[in-house]
Amino acid sequence: MTKHPKTWGPLVAALALLGPALQAQPIYLEPGSVLIYPVVDSRRGAGTGTVISVTNTNGNISIEPNTQTPFGTTQVRFYYATFAGQGPGGWQLTDIPELLTPNDILTVLAGDHNPQTELGWLFIVAEDPETEELIDFDYLVGDEVVVDTSENESVSFPAMAFQSLSQENNPVPGLNARSSLGYWFADRAVNGGNANNAADFNGLEYVRWPNEILLSSFLELSNLTTQGADLIFLSPLGADFRVGLRFLIYDNEEDQFSRTFTFFCWTQVPLQNISSVVRNLHGGEDPRTPPEELDSGWMRVSGDVAVNPITRYLVQDPPFVGAVVQRVIAPGANYEFGHLLHHSGRNSFNHNLPSTPLP
Amino acid sequence: MTINIRKATLVALAFGALAGLASGQPVPRLNDHVPGSVLIYPIYISDFTNGYASVVSVSNTNGDRRFVLPGNPPGVRGDVLAHYFWIDGTGTWNVFDNQALLTPNDTRSILSYDALNGTGNQDFETGFLVIEAVDPETQESVDFDYLIGDIILVDIAGTRTWNIEATGIKALTDELVGNPVRSNRGHAFVDRVANGGDGDGNLDFDNVEYQRWPDVLFLSSFFRQDDGANGTNNDCDVILLTDLGRDFRVNLQFLFYDRDEDETSRTGDFVCWTRADLFALANITATASFDPAGWGRINSPDAINLITGAVVADPCLMGAMVQSIIGQAGLEFGHLMHHSGINPTAAQFNLD
């Protein structure tokens, strides 16, 4: 009996090392089974709107004989996470299921699709249309356009795709491992899931979230024009956690400045609220050196600790993702632009969406 | 005895698996949003006369300030030379290159005009940009997966702007070679034969030197091309680039899907690099069914050398898309294209 673990130990250890090598991180721009849209802004009074698109790139139109459903069909469940303020309870979820047939695209105006959400973020999960269970359906891509017609501003983000690993981790499916349409159930115990009706980003059901977020560049705040950058962060930990972030900000002289910041659920925060260093990125050098460069900086953001202020439950290295929107307001013209933030590493905390309550 | 054989087999398997890691099997797929040793910016515009400009940023996320001894020039381990290759996208495939030293945690944001036209170049109004990490001492390619970047594209007259990330491509020498030959700063040489490279001085995206490119590109959504009847006129441009240079016509296959999932297949082609109206490139005139939006799939079956007739199967592509509401200031937005798979053909940049 004692020989068994000794015999299998090296193999298990090696395979455990090999597993994460298959896919260590989300690949935002490849099709996935969970999509995250970093911002939904439907504040009609401010003249804004968000156009959401989700596309099913699975083109299998063969008919499954029992259900008479094309094999490439999936149900997608929209979860609108409504931002209700910085404090406990600042997140309310509204879910809306939609059916996507093979090669289908669904484009909605978020304010019409879910009038309850004025501001927040969105995630979409792939489900089996028959059982409504989560499935490994790495065929979804998406994007969003956030428009402010009153200011003539617009910005577009691809949805961040997170791939399911159920099929990769269970190449030989067991009994009841797959849906009638042939897709691995992501949450079922037979596939290594924990059967909690949530998408767990633990390297078994789905890929882990990034460990560190990188803002590749931001421009110095200028006196000539009003310009600045807003950082958008979201956390999957639910409504009751105050998420702490650590910032390392680098100016044009490679000087490092550290800051901390906390938020609940979701935030869009001006960079100058995090650090005033963004107003002077060239230190004591004047004029800037070398002259052909613009004054700019970059930053590294990592999770510090998240705390439930009521129960005092702590999460070290909380997961989060983000995007950036930059804005230049010059005489007679507004310029707005943004992109998803770069990332590195794998977050080790096992979390899920929709979030199961933590203590 | 049976147990010993099984144990030996399993131990061998275990070490085999570990060796598999060291030998890079499987190699991670291209992930645009993680730091890399090569950055590809799918478009730059540098046409001040007509009111177009770009701000190009690159950041070195390596913060290692340990001194290098010996070193020529002296420096620290986190130094890297960013080698810029500006490729003219007007069909000439002319390349203008320059370099900048990035110290640890350095960022460099420049106007493309200052780098190109300001130096006396009158060409290079638009095209794409490649930045390669090279050793400051030997000027050879190094495995330095610490570079990230982005570009802001500004239309001053139209008061429009949009912004995309540079695609980061990892060098694989550290992943593939157990004990690679390294620079004095400690970074593995990518192109050296001793490290599995082919020593040709080119950037080889072959899953040996650098990651391969994707197999298929997706337009995740595009709005109906409005004819102006509703007071607006939507425009969707695709930006495509290849590694094959000016002598190859790259043939394209488009599959478009409308709101009813009806499929429309079209063909098109381009040379070197293009920014083109999507429907003009794909020769589509009836767009009403793409209301409010459609999506598309792009791949390339082959590329033909216009001089020799040589054929390259499955040529490599990268791309981005930008949409705008014509006549409406400010409403321009774009992003990198989605993608899937690993292209069976290795891409190669010969940028000399």
Please build a GNM for chain A, connecting alpha carbons under 10 Å apart, and tell me which residue among A:347, A:114, A:334 fluctuates the most. A:334
Sort the following peptides by mean Cβ neighbour count (other Cβ atoms within 10 Å, averaged over residues), highest first: A:136-146, A:320-330. A:136-146, A:320-330
Relative to the compact-globule estimate 2.2 N^0.38 Å (N residues), the Cα gyration radius of chain A stands at a ratio of 1.08
Placing +1 on the Cβ of each Lys and Arg and -1 on the Cβ of each Asp and Glu in the stretch B:24-160, which of B:34, B:90, B:52 has its Cα farthest towards the positive end of the resulting dipole? B:34
Across peptide A:97-108, what mean number of C-beta atoms from other chains lies inside 10 Å of a residue's C-beta? 4
Just counting partner chain Cβ atoms within 10 Å, what average do the residues of peptide A:234-244 show around their Cβ? 0
Decide, for the stretch A:153-219, between rounded, prolate and oblate: order the square roots of the alpha carbon gyration tensor eigenvalues as a ≥ b ≥ c, take rounded if a/c falls under 1.5, and otherwise choose prolate if a/b is larger than b/c, else oblate. prolate
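With every protein chain kept in place and ligands, DNA and RNA left out, what is the accessible area per residue of the stretch B:197-352? Probe 1.4 Å, answer in Å².
That works out to 36 Å² for each residue.
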Cut-off under 5 Å, modelled amide H: who pairs with residue B:205 long-range: B:347, B:348, B:349
Let me confirm one metric for peptide A:252-258, namely the mean number of other chain beta-carbon atoms within 10 Å of its residues' beta-carbons. 3
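At 1.4 Å probe size, with every protein chain present, just tell me what the per residue accessible area of the stretch B:39-90 comes to in Å².
On the way: 1870 Å² over 52 residues.
Value returned for the stretch B:39-90: 36 Å² of accessible area per residue.
So, with a 1.4 angstrom probe, what is the percent of accessible area on the stretch A:227-359 that is carbon and sulfur?
Exposed carbon and sulfur together represent 48 percent of the surface.
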Could you give the angle, 0 to 90 degrees to the nearest 10, between helix A:3-22's Cα long axis and the longest principal axis of the Cα atoms of chain A? 50
Per the 1.4 Å probe, what fraction of the accessible area of the stretch B:261-352, in percent, lies on carbon and sulfur atoms? 48
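Going through the stretch B:135-225, which chymotrypsin sites (Phe, Trp or Tyr not before Pro) have at most 10 other Cβ atoms within 10 Å and a DSSP loop state? Kindly include the intermediate steps, with their values, before the conclusion.
Working: sites: B:144, B:146, B:162, B:189, B:205, B:210, B:218, B:222, B:223; in loops: B:144, B:146.
Of the chymotrypsin sites (Phe, Trp or Tyr not before Pro), not one in the loops of the stretch B:135-225 has a Cβ with at most 10 other Cβ atoms within 10 Å.
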In a Gaussian network model of chain A with springs linking alpha carbons closer than 10 Å, the residue among A:204, A:175, A:340 that fluctuates most is A:175
Please check the stretch B:133-181 for residues whose accessible area, probe 1.4 Å, is lower by 50 Å² or more when all protein chains are in place than in their chain alone. B:148, B:150, B:152, B:159, B:161, B:163, B:165
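Report relative contact order for chain B in percent, whole number only (criteria: Cα-Cα under 8 Å, sequence separation at least 6). Please list the in-between numbers first.
Numbers: 898 pairs, mean separation 65.6, N = 352.
The normalised contact order for chain B reaches 19 percent.
Would you mind giving the average projected area, over all directions, of the Cα convex hull of the protein assembly as shown in nm² with one decimal?
That works out to 34.1 nm², a quarter of the Cα hull's surface.
What order, most packed first, do the peptides B:273-284, B:74-85 have when packing is the mean number of other Cβ atoms within 10 Å of each residue?
Values: B:273-284: 18.2, B:74-85: 20.5.
Peptide ranking by packing, descending: B:74-85, B:273-284.
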Return the whole-Å distance between the Cα centroid of the stretch A:110-179 and the Cα centroid of the stretch B:138-207. 31
Expected output for the stretch B:67-110, residues with a loss of 10 Å² or more in accessible area relative to the chain alone at probe 1.4 Å, reads B:103, B:105, B:106, B:107, B:108, B:109, B:110
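Mind grabbing the interface size between B and A? I mean buried accessible area, both sides, 1.4 Å probe, in Å² to the nearest hundred. Please report the intermediate quantities before stating the final value.
Details: alone 15810 and 16430 Å², together 26270 Å².
So the total buried area for this chain pair works out to about 6000 Å².
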Which values, in whole Å and largest first, are the semi-axes of the equivalent ellipsoid of chain B obtained as the square root of 5 times each eigenvalue of the Cα gyration tensor? 38, 27, 18
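Could you provide, to the nearest whole Å², the per residue accessible area of the stretch A:151-280 with probe 1.4 Å? Don't skip to the answer; put the middle values down first.
On the way: 4620 Å² over 130 residues.
For the stretch A:151-280, the per-residue accessible area is 36 Å².
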Round to a whole angstrom and tell me the spacing of the C-alpha centers of the stretch A:343-359 and the stretch B:244-321. 39
Return the residues of the stretch A:134-165 for which accessible area with all protein chains present is lower than in the chain on its own by 40 Å² or more; set the probe to 1.4 Å and exclude ligands, DNA and RNA. A:141, A:143, A:145, A:152, A:154, A:156, A:158
Taking only Cα atoms, what is the 0 to 90° angle, nearest 10, from helix B:2-22's long axis to the longest principal axis of chain B? 50
What is the Cα radius of gyration of the stretch B:111-223 over 2.2 N^0.38 Å, N being its residue count? 1.34
Highest mean packing first, using Cβ neighbours within 10 angstrom, the peptides A:261-271, B:128-138 sort as B:128-138, A:261-271
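The values are calculated or read from the model by the stated rules, or taken from the named source; none is laboratory data. Because the structure is predicted, anything quoted here is derived from the model rather than measured. Because the Cβ atoms are built from the backbone with ideal geometry, glycine has one as well, and the counts that use them run over all protein chains shown. These accessible areas exclude ligands, DNA and RNA; they are computed on the full protein's heavy atoms, side chains included. Shrake-Rupley method; radii C 1.70, N 1.55, O 1.52, S 1.80 Å.
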